[in-house]
Amino acid sequence: MRSSRFNERGITLIESMIAILILGIGLVGLLSMQSPSWRTAARTDYLGRAAEILSKQLTDREALIMNPCNTDADIVPPTGETRTRNDTIRTSGQGANQSGDIAFTVVTTTTGLGANVWRVTVRVSWPPLNSAGISESIVVTRQEPFRFGCV
C-alpha cells in the first residue's frame with residue numbers, strides 16, 4: 001500500500017509564489033482603475049451641477065417670457081432681434097469665490113421669432129475643464145394665465 005504522506009504535504013513554495021503573483025497582478029489592475037474612476041466621478045459631478053443650472057435658467061427665463069406684463073426688451077426682444085446675457089454662477093451661490101467653489105459660465109440667448117414667440121437657448125460651461133459645456137433650447141409663447149404684476 002502506498003503511503004499517504006504525499007497527499008498531506010499542503011501548499012508548496014511554488015504554489016504560494018504563484019498565488020502571490022496572481023494576487024499582485026489583481027491588485028495592480030485595481031490600482032490602475034483608480035485614476036479613471038476619480039476622473040469619471042468628477043466629470044459626473046460637473047455635468048450634474050451644470051444640468052441643474054441649465055434647467056433652472058431655462059425655467060426662470062420661460063416664466064419671465066410667459067408673463068404678458070413683462071415688457072423688458074432684454075428679456076423679450078422684438079421679432080428678429082436677439083439678446084444675450086452672460087453670467088457666472090458659483091456652486092456656493094455667493095457672489096465671490098468661496099473655498100472649493102466651482103464657477104460655471106452661463107450664456108442665455110433669447111431670440112424673437114414672431115408675434116409672442118421666442119426661442120431661449122442656454123449654454124452652461126465650466127472652463128477650463130470644459131469650454132463647450134452643455135446647452136438646451138426651448139420655444140416660449142405668451143400665456144394669459146401667467147399674467148402677474150401688471151400695473
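The values are calculated or read from the model by the stated rules, or taken from the named source; none is laboratory data. Fair warning: this is a prediction, and the values are worked out from it, not measured in the lab. With ideal geometry, Cβ positions are generated from the backbone for all residues, glycine too; neighbour counts draw on all protein chains shown.
Details
- If you go through segment 80-109 and pick out every residue that is loosely packed, with under 14 Cβ neighbours inside 10 Å and of a type outside the set (A, V, I, L, M, F, W, C), you end up with 15.
- Hits in segment 109-136 (condition: over 16 Å from the mean Cα position of the chain (by Cα), of a type in the set (S, T, N, Q) and within 30 Å of residue 45 (Cβ to Cβ)): 109, 110, 121
- Taking the criterion of being of a type outside the set (Phe, Trp, Tyr) and in contact with a helix residue (DSSP H, G or I) (Cβ under 8 Å, 6 or more places away or on another chain), the residues of segment 132-151 that qualify are 133, 134, 135, 136, 138, 140, 141, 142, 143.
- Contact annotation: no residue pair with Cβ atoms under 9 Å, 6 or more positions apart or on different chains, pairs a residue in segment 9-23 that is at pLDDT 90 or above with a partner that is in a helix (DSSP H, G or I) and of a type outside the set (Asp, Glu).
- Close pairs (9 angstrom Cβ cut-off, 6 or more residues apart or separate chains): under 14 Å from residue 121 (Cβ atoms) in segment 45-64, of a type in the set (Ser, Thr, Tyr) and buried (at least 18 other Cβ atoms within 10 Å of the Cβ) anywhere: 57/108; 58/108; 61/108; 61/110
- Counted residues, segment 70-97 - those being within 20 Å of the chain's Cα centre (by Cα), over 30 Å from residue 115 (Cβ atoms) and either modelled with pLDDT under 90 or not hydroxyl-bearing (Ser, Thr, Tyr) (or both): 7
- Residue match in segment 54-73 (condition: exposed (fewer than 12 other Cβ atoms within 10 Å of the Cβ) and in contact with a strand residue (DSSP E or B) (Cβ under 8 Å, 6 or more places away or on another chain)): yes
- Per this entry, residue 106 is counted among residues that are touching an Asp or Glu at 6+ places or on another chain (Cβ under 8 Å) and within 17 Å of residue 58 (Cβ to Cβ).
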